[in-house]
Amino acid sequence: MSANAKRRRLTWKMVSTEAKLLLIGIPVFLWTMIPIYHMVLFSISPRNAATSGRLWPKEPTLGNFAFVFQQKHFYLDHFWAQLGNSLLIAISVGALTLAVSTAAAFAISRLKVRGGRTVMNLALFTYFIPAAFLAVPMYKTMGNYGLLNSQWSLILAMVTIASPYCIWVLKQASDKLPWELDEAARMDGATAMQLFRLVYLPLMVPSLVAVGTYALLLAWNEYLYAFLLLSKDSSVTLAVALGNFLAADDSPWELLMTTGLIYALPPAAIYYTFKRYMVSGLTAGAVKS
Amino acid sequence: MATVSFQNIEKSFGKTKIIHGISFDIAEGEFVVLVGPSGCGKSTLLRMLAGLEPITGGEIAIDNKVINDLDSKDRDIAMVFQSYALYPHMTVRDNMAFSLKLRKADSGLTNSRVTNAARILNLDPLLDRFPRELSGGQRQRVAMGRAIVRDPKVFLFDEPLSNLDAKLRVAMRAEIKALHQRLKTTTVYVTHDQIEAMTMADRIVVMHDGIVEQIGTPLELFDRPGNLFVAQFIGSPSMNVLKGTLRRVDGREWVEAEGRQWPTLIHTQTLDGQAVHYGVRPTDITLSSSGTGIAAKVIVVEPTGAETELLLEVGGAQLVVVMHGRTSVRPDDTVHLEIAVDKTHVFDRASEQRLD
């Protein structure tokens with residue numbers, strides 16, 4: 001009897017825990033899924049049925065996708081070029097940010113370059129000013145360099161915005177690498193560059209993947225700077241092109257959503273591809289802690 | 001093989017001076033152990049020899065060539081770290097071959113060196129494993145293998161056994177000693193464990209607060225400690241030391257401490273009435289069966305099997321005595337002590353230097 005009661009109390013406790021989790025989980029799930037559901041719903045609805053308010057279209061179609069891929073609408077004239085631009089810019093920003101911030105973090109954390117920490121703190125200080133406030137000065141600066149309308153202007157601007165955070169994250173991560181590894185490598189005859197290439201980089205892979213993905217997605221999702229710095233239809237990114245859909249009174253919502261859905265797929269793919277690299281524990285076995 | 005020479009080595013971190021002019025020479029093929037309590041500067045001295053720490057003053061020479069301004073990699077030395085410092089992303093083989101790879105040695109030579117080192121250290125079956133797949137002792141052996149492969153002029157060991165459990169430590173101690181006997185490479189070994197120092201060293205350098213207290217073979221340090229610090233640091237359990245006054249009357253000499261007369265040999269450097277420390281090792285005291293000698297009260301009896309350790313009280317002081325075999329002595333018994341008079345040590349109270 002008493003054992004029975006105990007089991008029942010336990011069950012009640014488990015149920016209440018479960019209930020609390022559900023109470024948090026369900027809203028979060030809805031919060032995330034409803035916009036995506038809407039996007040999917042619009043993208044498989046024919047034009048006139050898009051805003052019908054039904055939970056599932058009467059005649060679902062993939063026609064919108066064909067429409068987008070074949071660039072059959074005024075707003076979509078440069079779809080493939082713009083998708084290409086987005087990719088090119090995002091990948092360039094990811095790669096450049098990685099190069100800059102890895103080198104900086106290595107110099108600050110491992111080579112202990114004099115004044116390195118000050119530089120990092122100054123760089124982080126830029127985050128006190130919202131990026132939006134810096135848009136106009138950045139526009140002027142790029143104008144001074146004659147880079148307006150060149151995709152380089154957006155790449156450089158995004159690298160500038162992404163780098164301080166990336167340097168900081170990488171510096172924190174590399175501070176955790178055992179210092180004896182550097183000393184062992186130096187005694188083994190490694191130069192600073194060899195130390196960087198043969199010991200530092202392989203051990204930083206998880207952080208590099210995380211930081212690279214961050215910079216890449218930041219550039220992929222960027223709207224404001226892309227809108228300001230680029231203006232030719234054939235050179236803007238898809239994010240800007242999506243914004244342009246709203247310029248007209250009767251926007252083709254189903255095409256906007258279809259394009260948006262397509263635009264959202266690469267980040268999801270990137271995230272799931274690289275997730276498994278973002279594991280810790282790569283340095284296990286280096287030193288006894 | 002090579003000689004190493006330290007000349008007036010000084011080291012400061014900022015305004016804090018931690019090594020105050022150390023000089024000594026290490027002969028070819030010698031196994032020298034730097035030993036001392038934490039913070040005595042032994043690791044710093046080793047790191048200066050390794051080139052990991054700049055030298056504030058003085059000169060370090062390897063084979064009579066001053067190496068102060070040479071990079072670590074150009075000093076032809078290999079170091080084994082306390083924490084092993086294995087490259088976690090490389091296999092055992094790659095860890096060991098790393099230095100040769102950096103030197104662009106040809107692969108035949110690299111292979112034969114790695115195979116040879118692996119054979120010496122019984123690492124053959126582990127060559128393709130990663131450090132994380134190895135036990136502590138195996139990692140330590142890989143770290144040694146990495147040093148052997150280099151075939152350097154000097155091996156440096158920085159507390160290499162501190163991270164191992166007690167049993168493994170004893171085994172690795174013997175392994176390192178055997179390795180040295182086989183390779184005969186000049187070795188500098190840092191430890192805070194005086195047993196390690198005693199068992200492994202050809203010569204021991206005892207350091208304390210940034211100076212060298214004494215240099216000598218293990219048994220020299222044990223038998224004739226040059227000062228009170230060395231006397232108490234070397235030996236386990238450590239030497240019994242009593243504060244007393246030296247008396248010399250009618251060609252007889254003894255130390256008066258705790259109201260008793262403690263026997264000593266005749267000294268040439270002492271004066272009647274001189275304040276001294278009187279030292280005698282726990283193994284140099286025996287219990288007298290005749291009821292003569294200094295009376296002491298037994299406080300604790302600690303049998304360890306082959307030996308029995310007694311904690312005794314004489315006046316206000318406590319003494320440790322190590323007896324061979326077993327004893328029927330019980331706490332609160334009174335025993336009488338016989339002291340091996342030729343194995344007593346007397347140190348001046350003020351200077352703490354040995355008096356002969």
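The values are calculated or read from the model by the stated rules, or taken from the named source; none is laboratory data. Bear in mind that the values here come from a model prediction, so they are computed numbers and not experimental data. FYI the Cβ positions are ideal-geometry reconstructions off the backbone, even for glycines, and counts take in every protein chain you see. Remember, those area values only see protein heavy atoms, side chains included, never the ligands or the DNA or RNA. Shrake-Rupley method; radii C 1.70, N 1.55, O 1.52, S 1.80 Å.
Things to note:
- Separation of region B:329-356 from region B:299-326 is 14 Å, based on Cα centroids.
- For region A:171-274, the C-alpha radius of gyration divided by 2.2 N^0.38 Å, with N the number of residues, is 1.67.
- Violating pairs (Cα-Cα greater than 20 angstrom) within the set B:Lys17/B:Lys153; A:Lys176/B:Lys73; B:Lys243/B:Lys343; B:Lys297/B:Lys343; B:Lys65/B:Lys153: B:Lys17/B:Lys153; A:Lys176/B:Lys73; B:Lys297/B:Lys343
- For chain B, the C-alpha radius of gyration divided by 2.2 N^0.38 Å, with N the number of residues, is 1.19.
- Note on region B:1-156: Cα-Cα pairs beyond 28 Å make up 28% of the total pair count.
- Between region B:92-127 and region A:37-99, the alpha-carbon center distance in angstrom: 56
- From helices alone, chain A scores -21500 deg cm²/dmol at 222 nm; the rule is -39500 (n - 2.57) for each run of n ≥ 4 DSSP H residues, then divide by the residue total.
- Kirkwood Rh and Cα Rg combined as Rg/Rh, region A:110-177: 1.07
- Relative to the longest principal axis of the Cα atoms of chain B, helix B:107-120 runs at roughly 30 degrees.
- Under the Debye formula (equal points on every Cα, no solvent term), log10 I(q)/I(0) of region B:141-284 at q = 0.18 Å⁻¹: -1.06
- Restricting the calculation to Cα atoms, chain A yields a radius of gyration followed by a Dmax of 24.9, 85 Å.
- Scaling the Cα radius of gyration of the protein assembly as shown by the globular reference 2.2 N^0.38 Å produces a ratio of 1.45.
- Estimated FRET transfer efficiency when R0 is 25 angstrom, pair B:Ser290-B:Asp332 (beta carbons, to 0.05): 0.75
- Amide H to amide H distances under 5 Å link B:Met79 with B:Leu156, where only residues 5 or more positions off or on other chains count and H is placed in the peptide plane.
- DSSP H segments from chain A that extend 18 Å or more along their own axis, Cα-based, with Kyte-Doolittle mean of -1.0 or above: A:2-43, A:79-105, A:151-175, A:201-221, A:253-274
- Across every pair of non-identical alpha carbons in region B:179-238, the mean reciprocal distance, once inverted, gives a Kirkwood radius of 12.1 Å.
- Computed from backbone phi, the HN-Hα couplings of region B:249-262 come to 9, 6, x, 10, 9, 8, 10, 9, 8, 6, x, 10, 9, 9 Hz, rounded to whole numbers (Karplus: 6.51 cos²θ - 1.76 cosθ + 1.60, θ = phi - 60°; Gly and Pro given as x).
- Nearest 10 degrees, 0 to 90: helix B:166-183 Cα axis against chain B principal axis: 60
- If the Kirkwood radius is taken over C-alpha pairs of region A:3-68, then at 4 °C and 1.567 mPa s the Stokes-Einstein diffusion coefficient equals 85 µm²/s.
- Phi to ³J(HN,Hα) by Karplus 6.51 cos²θ - 1.76 cosθ + 1.60 over region B:135-147, Hz, x for Gly, Pro: 7, x, x, 5, 4, 4, 5, 4, 4, 5, x, 4, 6
- Averaged over the residues of B:72-80, the number of partner chain Cβ atoms lying within 10 Å of the residue Cβ comes to 3.
- In terms of Cα atoms, the Rg and Dmax of region A:180-238 work out to 19.3, 56 Å.
- Long-range HN-HN contacts of B:Ile294 with modeled amide H, under 5 Å: B:Leu337
- Mean-position separation - Cα centroids, region B:140-206 and region B:258-278, in angstrom: 40
- Residues losing 50 Å² or more accessible surface upon assembly, region A:185-199, compared with the chain by itself, 1.4 Å: A:Arg186, A:Met187, A:Asp188, A:Leu198
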